[in-house]
């Protein structure tokens, strides 16, 4: 399918302000697979440059838009490099005109109410905006989308599918050139894997476990030092 970027609507006379508010989602996909897992803060830490890198969820994307009259999309996850993060926060949205570029990465999570639009009209609109990569994750394993995991990369004016690899029914993954990470579907959970470091970006639970393990290791080391010091005093004063 060929998609042609649409011309930017004229922003002449349009004052800067906030994007319109959108109603909250009526399902739990974001909470279960993004928020509870802590993927956004993990990606922020990994990608760095917090002032110029935006990693945020459920923020509207459009041209210089502050009304509902023009095309606005609200991805579950948006990532953009070399932009003014403070402006995104202030306007409660991502204005392509004001940043001079589209977001680099967008991801949607499947649900019964959104799957059809995610695979069709949103795919067209994200390509028209110029979003470099568009990914779709289906925790159900393909009940709502056509497959558990899908990604598209913008080549010229059209999206081309990212190759998705599979070890078995429990693990699917594809490489994001934009993030230089592997986007993974594993046992119905979303993960991000760093092929350079050879490790996954940690979830909230894994970060907490690592901190607990480090704290216990420190306590064990301190106890061992106390034991050695006591033994040393005993040997010096028999």
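Odds and ends about this structure:
- Within segment 86-99, being out of contact with any helix residue (DSSP H, G or I) (no Cβ under 6 Å at 6 or more places or on another chain) and either at positive phi or not in a helix (DSSP H, G or I) (or both) holds for 92, 93, 95.
- Residues of segment 185-198 that are touching a residue at least 24 places away in the same chain (Cβ under 8 Å), in a strand (DSSP E or B) and within 11 Å of residue 139 (Cα to Cα): 185, 189, 190.
- Flag if residue 65 is surrounded by 19 or more Cβ atoms within 10 Å (Cβ to Cβ), at pLDDT below 70 and in the same structural domain as residue 176 (by TED's automatic domain parsing): yes
- Being in a loop (DSSP other than H, G, I, E, B), in the same structural domain as residue 187 (by TED's automatic domain parsing), under 19 Å from the mean Cα position of the chain (by Cα) and crowded, with 16+ Cβ neighbours inside 10 Å is a property that holds for residue 102.
- Filter result for residue 202 (part of a loop (DSSP other than H, G, I, E, B), within 21 Å of residue 77 (Cβ to Cβ) and modelled with pLDDT under 95): yes
- Given (1) outside any strand (DSSP E or B); (2) touching a helix residue (DSSP H, G or I) at 6+ places or on another chain (Cβ under 7 Å); (3) modelled with pLDDT of 95 or more, index of the condition residue 179 fails: (2)
- Meets criteria (surrounded by 15 or more Cβ atoms within 10 Å (Cβ to Cβ), at pLDDT below 70, closer than 26 Å to residue 153 by Cα and in contact with a helix residue (DSSP H, G or I) (Cβ under 7 Å, 6 or more places away or on another chain)) for residue 34: yes
- Meets criteria (in the same structural domain as residue 55 (by TED's automatic domain parsing) and buried (at least 23 other Cβ atoms within 10 Å of the Cβ)) for residue 119: no
- Residue count, segment 82-94 (criterion: crowded, with 16+ Cβ neighbours inside 10 Å and in contact (Cβ under 8 Å) with a residue 40 or more places away in the chain): 3
The values are calculated or read from the model by the stated rules, or taken from the named source; none is laboratory data. All of these numbers come straight from a predicted model, not from anything done at the bench. Positions of Cβ are generated from backbone atoms using ideal geometry, with glycine treated the same way; all protein chains shown enter the neighbour counts.
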